[in-house]
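Quick notes on the structure that follows.
The values are calculated or read from the model by the stated rules, or taken from the named source; none is laboratory data. Keep in mind that this is a model prediction, so the values were computed, not measured. Counting neighbours? That spans all protein chains shown, and the Cβs are built from the backbone with ideal geometry, glycine included.
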Amino acid sequence: MVVHPINWLKLAFLGLIWGGAFLAASVALKGVGPLTVVAVRLSLGASFLLGLAYLRGTGLPSLRGPNAGRIWGAALAIALFSNALPFTLLTWSQTHVASGFAGVFTATVPLFILPLAHLLVPGETMHLRRLIGFGIGTLGVAVLIGPDAFRSTGSDMESLARLACVTAACCYGIGAIVTRLCPPADMIGLAAAALTLAAVLFVPYAISMEDLPDSIPLPSLVALLYLGLLPTGLAQLLAVQVIRDAGPVFMSLVNYQVPLWSVALGVMILGEDLPDGMALALPLILGGVALSQLGALKRLFLKG
């Protein structure tokens with residue numbers, strides 16, 4: 001599958017805005033609960049994409065037509081596997097496992113996508129070089145986050161919570177495959193439909209589990225707006241575009257970028273120290289990405 005240069009730019013931007021989501025979430029959580037953060041993210045993101053879809057005059061995918069059922073079925077699967085289920089699993093698991101554990105296992109998403117894409121997506125062949133590249137990238141993320149990610153918290157639910165992290169990573173993989181296999185559809189409409197369904201599924205759950213806050217501090221409100229509009233709304237649209245154009249395996253590389261951007265933003269904005277493993281993690285992650293996408297990189301630079 002040919003990867004156009006614009007998709008590399010979209011992938012880098014996705015890594016940046018998703019990396020910034022960790023910083024924004026930490027600010028938002030000072031004013032509202034974790035489930036409320038997710039509910040607001042989904043609601044704002046869905047509203048943004050719905051508005052964009054109708055401003056363009058396309059709106060949501062049609063409910064009638066030869067592929068209408070398959071498109072809406074795909075939108076529902078994307079809502080479940082790319083949004084509602086992994087958000088719920090990760091939010092719950094992070095109360096029982098070390099904070100970096102979820103980050104490490106989110107980086108294993110490419111390892112789930114690779115065999116699924118090999119079996120289900122034409123042109124996405126699993127070969128040894130790509131598998132080794134993904135393995136090196138995952139190792140780099142583990143080095144970046146450090147050994148504290150694997151320490152025991154002593155929680156009685158820790159084993160189940162770790163399984164939830166693995167399941168969430170698998171969900172993201174399934175969501176990416178479904179996005180690629182969806183019949184032809186307007187990508188803004190598809191993204192809007194998926195995020196709207198995710199909000200409809202998740203918001204009642206959040207309301208039933210957490211009390212709504214009486215007031216929200218301004219910093220938390222700004223952080224929620226960022227989370228809803230960029231890492232959720234715009235990111236859903238870009239993710240659909242990249243998966244549909246360049247494939248789920250290429251899109252999965254963003255999972256290696258997110259921790260790098262998160263660390264970089266923490267250093268630049270919060271003045272945090274660089275992690276001890278950064279010097280080793282960076283070449284591992286970049287080397288893994290380069291090895292897994294060697295053919296695409298050759299075509300990119302030969303064109304340039």
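Scan region 289-298 and tell me whether some residue there is under 21 Å from the mean Cα position of the chain (by Cα), of a type in the set (Lys, Arg), at negative phi and assigned to a helix (DSSP H, G or I).
Checking region 289-298: not a single residue is under 21 Å from the mean Cα position of the chain (by Cα), of a type in the set (Lys, Arg), at negative phi and assigned to a helix (DSSP H, G or I).
Of the residues in region 106-150, how many are among the hydroxyl-bearing types (Ser, Thr, Tyr) and within 14 Å of Gly288 (Cβ to Cβ)?
2
Can you list residue pairs whose Cβ atoms sit under 8 Å apart, with the first residue in region 67-82 being over 16 Å from Val109 (Cβ atoms) and in contact (Cβ under 8 Å) with a residue 24 or more places away in the chain and the second being crowded, with 17+ Cβ neighbours inside 10 Å and of a type in the set (D, E, K, R)? Count only pairs 6 or more apart in sequence or on different chains.
Note: no pairs meet the criteria.
In the list Leu63, Leu35, Leu55, which residue meets the criterion of being at pLDDT below 95, surrounded by fewer than 19 Cβ atoms within 10 Å (Cβ to Cβ) and hydrophobic (A, V, I, L, M, F, W, C)?
Matching residue, one of Leu63, Leu35, Leu55: Leu63.
Regarding Asp276, is this residue farther than 25 Å from Ser292 by Cβ and surrounded by fewer than 24 Cβ atoms within 10 Å (Cβ to Cβ)?
Against the criterion (farther than 25 Å from Ser292 by Cβ and surrounded by fewer than 24 Cβ atoms within 10 Å (Cβ to Cβ)), Asp276 qualifies.
Working only within region 150-182, note down all residues that are among the basic types (Lys, Arg) and either within 20 Å of Leu80 (Cβ to Cβ) or crowded, with 24+ Cβ neighbours inside 10 Å (or both).
Answer for region 150-182, where residues must be among the basic types (Lys, Arg) and either within 20 Å of Leu80 (Cβ to Cβ) or crowded, with 24+ Cβ neighbours inside 10 Å (or both): just Arg180.
Does Ala191 count as small (Gly, Ala, Ser) and closer than 28 Å to Leu119 by Cα?
Yes.
What's the number of the condition Gly233 fails, among (1) within 16 Å of Ile145 (Cβ to Cβ); (2) surrounded by 15 or more Cβ atoms within 10 Å (Cβ to Cβ)?
Going through the list (1) within 16 Å of Ile145 (Cβ to Cβ); (2) surrounded by 15 or more Cβ atoms within 10 Å (Cβ to Cβ), Gly233 breaks only (1).
Condition (residue is at pLDDT below 95, surrounded by 21 or more Cβ atoms within 10 Å (Cβ to Cβ) and either more than 18 Å from the chain's Cα centre (by Cα) or within 23 Å of Val104 (Cα to Cα) (or both)) applied to region 203-217: is it met by at least one residue?
Within region 203-217, one or more residues are at pLDDT below 95, surrounded by 21 or more Cβ atoms within 10 Å (Cβ to Cβ) and either more than 18 Å from the chain's Cα centre (by Cα) or within 23 Å of Val104 (Cα to Cα) (or both).
Return a yes/no flag: does region 71-81 have any residue that is at pLDDT below 90, aliphatic (A, V, I, L, M) and part of a helix (DSSP H, G or I).
There is no residue in region 71-81 that is at pLDDT below 90, aliphatic (A, V, I, L, M) and part of a helix (DSSP H, G or I).
Go through region 218-245 residue by residue and tally those that are at pLDDT below 95 and either farther than 21 Å from Trp18 by Cα or charged (D, E, K, R) (or both).
Within region 218-245, residues that are at pLDDT below 95 and either farther than 21 Å from Trp18 by Cα or charged (D, E, K, R) (or both) number 2.
Given the residues Val166, Val141, Val121, Val178, which is the only one that is in contact with a Pro (Cβ under 6 Å, 6 or more places away or on another chain) and either modelled with pLDDT under 90 or among the aliphatic types (A, V, I, L, M) (or both)?
Matching residue, one of Val166, Val141, Val121, Val178: Val141.
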